Amino acid sequence: MISADEFLDQVGMDTELSTASGSSGSDAMDRSDDERFDACKESALRSLDAAQRSSSDLAKRLIGKGYEEETVDAVICRLQQLGLLDDEAYAEDLMRYCLQRDMGERGVRMEMSRKGVEATLAARLIEEAAQRGDFVDADY
């Protein structure tokens, strides 16, 4: 098994960075942007090492740590491209967890909202689970 840093080196996480304006600007500005991106990326990876998260939850955490929204969006986009952040898979795992705890539809909806799962994704997964009869024996 390889570390997260080794994986990121293999897939080129630190390459192909772009600035928000699309122009290269001065070298000092580019380095500063790269450094902010790298620091935000490291913080995101540490957070994901601790626990799987939705992209919106991760964004809130990073913004709460003082990273600029633009930088956070770029990091989240890159993590999604690499498959390290997948809201659909996260929501499906969360659904399985909730069903194992015999949560009803309302409880699952509340838990997904609390964890930052997009409302349309949560509604779709809950509807699919209801159609399969997954909530029949659940506590309400």
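The values are calculated or read from the model by the stated rules, or taken from the named source; none is laboratory data. Treat the numbers as computed from the prediction; the structure is a model and nothing was measured. Here Cβ is always computed from backbone atoms with ideal geometry, including for glycine, and neighbour counts include all displayed protein chains.
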Residue 111 is checked against (1) acidic (Asp, Glu); (2) closer than 15 Å to residue 58 by Cα; (3) free of Cβ contacts under 8 Å to residues at least 24 places away in the same chain and fails just one. What number does that condition carry? (2)
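State whether one or more residues within the range 33-40 are assigned to a helix (DSSP H, G or I), of a type in the set (Phe, Trp, Tyr) and modelled with pLDDT of 85 or more.
First, the residues of the range 33-40 that are assigned to a helix (DSSP H, G or I): 33-40.
Now restrict to residues that are of a type in the set (Phe, Trp, Tyr): 37.
Subset that is modelled with pLDDT of 85 or more: 37.
So far as the range 33-40 goes, yes, one or more of its residues are assigned to a helix (DSSP H, G or I), of a type in the set (Phe, Trp, Tyr) and modelled with pLDDT of 85 or more.
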All positions within the range 42-64 that are modelled with pLDDT of 95 or more, over 12 Å from the mean Cα position of the chain (by Cα) and either surrounded by 13 or more Cβ atoms within 10 Å (Cβ to Cβ) or closer than 21 Å to residue 92 by Cβ (or both): 42, 43, 63
